[in-house]
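To start, the structure under review is shown below, and the notes come after it.
Just so it is clear, none of the values below were taken in a lab; they were calculated from the coordinates. Predicted model only: the values in this text are computed from it and were never measured. For neighbour counting, all protein chains shown are included, and Cβ atoms are generated from backbone atoms with ideal geometry for every residue, glycine included.
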């Protein structure tokens, strides 16, 4: 049991380092984070029940996760292929699209909640 806790703490350290580094280097992550905080705060006020609140918060977290993955894709592509290459552009655009689609999911959820 102690070994499992040790492993989990080690993994938590890696995760927090990833969030910290992304926060420092990626303006878009900070912008999505701010939007998510605002969304969550407003959901606390307007959500008609706990289920809607949880859904809004979870999709906001998924939006941040999508941006973290997008950052990882961009970072590795820039390392492997610093020159502009069609496949590098495709990978970066797909990562960006993932974030955008997740943002659309948040918007659709808000629309659904406000019209429920």
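Values as computed for the structure displayed
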{"read-out": "Proportion of all alpha-carbon pairs of the chain beyond 22 Å (%)", "value": "47 percent"}
{"read-out": "Over the chain: helical MRE at 222 nm, DSSP H runs n ≥ 4 each giving -39500 (n - 2.57), nearest 500", "value": "-32000 deg cm²/dmol"}
{"read-out": "Extension reserve of the residue 2-residue 80 stretch, reckoned as 0.36 nm per residue once the Cα distance is removed", "value": "24.2 nm"}
{"read-out": "Acute angle (nearest 10 degrees) that the helix 2-25 long axis makes with the longest principal axis of the chain, alpha-carbon atoms", "value": "90 degrees"}
{"read-out": "Whole-Å distance, taken between Cα centres, linking region 51-116 and region 1-50", "value": "14 Å"}
{"read-out": "Listed peptides 68-75, 42-49 by packing density, highest first (mean Cβ within 10 Å)", "value": "68-75, 42-49"}
{"read-out": "Spin-label zone in region 50-72 - amide nitrogen under 20 Å from a point set 7 Å from the Cα of residue 35 along the C-beta vector", "value": "53-72"}
{"read-out": "Pair residue 23, residue 54: separation of 7 Å Cα→Cβ label points (nm)", "value": "2.7 nm"}
{"read-out": "Extension reserve of the residue 10-residue 97 stretch, reckoned as 0.36 nm per residue once the Cα distance is removed", "value": "28.2 nm"}
